[in-house]
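These notes concern the structure reproduced below.
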Amino acid sequence: MRESDIIQQLRQAVNTAGGELHKIVFENGRDCPDFIVLLRGRCYLVEAKRPGAKPRPSQLYMFETIYKHTGVIVYIVSCAEDIADFMRVVLQQ
């Protein structure tokens with residue numbers, strides 16, 4: 001399974017829940033999250049990885065910095081179970 005397959009599954013789950021998934025493009029954004037999810041009046045940041053892949057240390061540092069300054073958690077999804085867990089969390093809020 002490729003990262004694009006994970007993204008497709010994420011997009012389908014978000015759309016089914018009535019939300020939107022948008023790719024984030026930063027000018028100098030090598031370590032920034034891939035997507036913003038808009039759902040039920042809230043926004044979530046999501047990093048998609050191919051199955052078994054982990055974020056680079058520099059990405060984890062950026063995700064921690066985002067949380068420190070904004071309180072926004074960056075969710076990491078790399079399999080269908082991660083997507084289901086993400087959706088369960090956001091739909092309960």
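Listed values, structure above:
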{"quantity": "Proximal charge balance of Ile73 [Cβ under 12 Å; K/R count +1, D/E count -1]", "calculated": "0"}
{"quantity": "Carbon/sulfur fraction of accessible area - the chain, other protein chains in place, 1.4 Å, %", "calculated": "52"}
{"quantity": "Gain on full stretching of the segment that runs from Ala80 to Lys54 - 0.36 nm per residue minus C-alpha separation", "calculated": "7.8 nm"}
{"quantity": "Summed residue charge, Cβ within 15 Å of Asp31's Cβ, Lys/Arg positive, Asp/Glu negative", "calculated": "+1"}
{"quantity": "Probe 1.4 Å, accessible area per residue of the chain, Å²", "calculated": "64"}
{"quantity": "Ranked by how many other beta carbons lie within 10 Å on average, peptides 8-15, 81-88 from highest", "calculated": "8-15, 81-88"}
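The values are calculated or read from the model by the stated rules, or taken from the named source; none is laboratory data. As the structure is a computational prediction, the values presented were derived from the model and not from experiment. Cβ: placed from backbone, ideal geometry, glycine included. Neighbour counts: every protein chain shown. All accessible areas refer to the heavy atoms of the entire protein, side chains included, with ligands and DNA or RNA removed. Shrake-Rupley method; radii C 1.70, N 1.55, O 1.52, S 1.80 Å.
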